[in-house]
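What follows is one structure encoded as structure tokens, with my remarks underneath.
FYI, it's all coordinate maths here, none of it is from the lab. Just so it is clear, the model here is predicted, and its values are computed rather than measured. Cβ atoms come from the backbone with ideal geometry, glycine included; neighbour counts cover every protein chain shown.
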Amino acid sequence: MKAMIHRRYGPPEVLQPAELPDPVVGPADVLVRVVATSVTTADWRLRAFDVPPIFWLPGRLVLGIFGPRNPLLGRDFAGEVVEVGPQVKGFRPGDCVFGSSAGGSNAEYVSLPESSAITHMPKGLTFDEAAAVPFGALSALVFLRDFAKLRRSQRVLIVGASGGVGCYAVQFARLMGADVTGVCSKRNADRVRALGATDIIDYENVNWAMVTTRYDLILDAIGHFTFASSRRLLAPRGIFLPLNFGLKEMVQSMMNGVRAGQRVVVGMSGEQKADLDYIADLLTSKELIPVIDRVYPLSDLVSAHRHVETRHRLGAVVVRVAS
Ligand SMILES: NC(=O)c1ccc[n+]([C@@H]2O[C@H](COP(=O)([O-])OP(=O)(O)OC[C@H]3O[C@@H](n4cnc5c(N)ncnc54)[C@H](OP(=O)(O)O)[C@@H]3O)[C@@H](O)[C@H]2O)c1
């Protein structure tokens with residue numbers, strides 16, 4: 001099958017076209033012809049091996065010491081089922097599906113177990129729209145619901161509210177009944193407001209010393225705040241949730257048990273099928289809206305990576321694999 005792969009860690013240019021063997025379809029697997037996939041921050045970090053120092057050694061041991069063990073990047077996919085294993089009950093050839101493929105998705109086909117994060121595409125959604133959702137929405141859901149345990153009427157500050165995760169974090173926080181302030185640029189303010197933010201802080205013009213609101217949760221997708229710099233803006237029992245973290249934040253989060261008051265919470269998002277089903281329901285009812293920044297062809301995956309790496313996008317960067 002046609003794919004874009006990387007054989008070494010490095011800049012976007014390490015991505016090259018390649019022919020890979022078609023995936024093997026196990027007895028409980030679903031084979032999908034991919035129509036659209038995406039590039040996320042996780043993809044460029046894996047490609048560049050951009051990890052905090054504390055994760056360097058474990059990261060290399062897991063991902064590959066001298067180069068990536070799995071050369072295929074991408075997780076999000078949307079496409080059409082072409083084959084199913086004999087034990088598969090919930091899918092059949094011709095079904096339109098979307099989800100997250102742990103083995104990579106920047107290729108013509110993905111094969112994944114029926115029990116993993118794959119579900120039917122809501123009616124009316126395009127393949128591009130479906131591919132724009134899983135990474136951002138699953139991450140946002142897990143961070144807000146499971147790590148922050150966000151409750152109705154709480155005040156949330158989302159830093160990077162217009163980004164790949166932020167666009168969905170704003171929507172989920174609103175769905176959970178929170179009062180959402182989005183930190184984004186003036187250019188994206190209207191879009192972020194339309195997604196559910198009641199207040200906007202323009203990060204290019206804010207004087208944080210003048211902000212008097214105290215937030216129950218600060219979700220920082222950009223790395224703007226440290227725990228120390230966030231504390232003045234946190235409510236007495238507020239949570240600082242940095243999406244990217246290192247040793248310092250891990251130690252700070254371990255101190256939560258012995259320190260009353262403001263806390264640091266860190267964690268890795270997961271990809272559960274039940275969560276994807278829930279997200280599909282929200283897409284069907286239009287309570288959740290896919291946000292697409294740009295669409296690139298698979299052959300130009302290098303440009304898609306370059307763009308994501310600028311950290312100036314509005315929502316997901318989609319990659320079209322087939323028509
Ligand atoms: N721990 C985990 O399991 C986990 C899971 C998922 C993601 N993550 C991490 O979480 C982060 C999520 O990033 P993302 O993909 O959502 O980011 P992103 O898409 O790269 O964010 C870009 C957006 O942020 C805005 N922005 C840039 N600088 C800003 C600033 N100083 N303040 C506020 N907004 C700013 C940009 O707006 P303008 O273009 O207008 O500047 C753009 O819309 C990544 O670093 C990823 O690695 C961690």
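Could you look through segment 244-265, keep only residues that are outside any helix (DSSP H, G or I) and without any contact (Cβ under 8 Å) to a residue 60 or more places away in the chain, and pick out the one that is nearest to V142 (Cα to Cα)? Out of the qualifying residues, it is V264.
Within segment 28-62, the set of residues being more than 22 Å from the chain's Cα centre (by Cα), under 17 Å from V110 (Cβ atoms) and not in a strand (DSSP E or B) comprises A28 only. Which one of V14, V39 is within 16 Å of the ligand (Cβ to nearest atom) and touching a His at 6+ places or on another chain (Cβ under 6 Å)? None of the others qualify; the one that does is V39.
Beta carbons closer than 9 Å, at least 6 apart along the sequence or on distinct chains, pair a first residue in segment 156-173 that is in contact (Cβ under 8 Å) with a residue 24 or more places away in the chain and within 10 Å of the ligand (Cβ to nearest atom) with a second that is assigned to a loop (DSSP other than H, G, I, E, B) and charged (D, E, K, R) for G160/R311; S162/R313; G163/R311; G163/R313; G164/R313.
Test of understanding: among A280, A197, A235, which residue is assigned to a helix (DSSP H, G or I) and surrounded by 14 or more Cβ atoms within 10 Å (Cβ to Cβ)? Reasoning before the result, please.
Values: A197 fails: assigned to a helix (DSSP H, G or I); A235 fails: assigned to a helix (DSSP H, G or I).
Being assigned to a helix (DSSP H, G or I) and surrounded by 14 or more Cβ atoms within 10 Å (Cβ to Cβ) holds for just one of A280, A197, A235, which is A280.
In segment 64-80, is there at least one residue being touching a Phe, Trp or Tyr at 6+ places or on another chain (Cβ under 7 Å), within 15 Å of the ligand (Cβ to nearest atom) and acidic (D, E)? Checking segment 64-80: at least one residue is touching a Phe, Trp or Tyr at 6+ places or on another chain (Cβ under 7 Å), within 15 Å of the ligand (Cβ to nearest atom) and acidic (D, E). If you check G90, G104, G85 for being at positive phi and not basic (K, R), only one passes: G104.
Exactly one residue out of A316, A322, A304 is of a type in the set (G, A, S), under 25 Å from L15 (Cα atoms) and in contact with a Gly (Cβ under 7 Å, 6 or more places away or on another chain), and it is A316.
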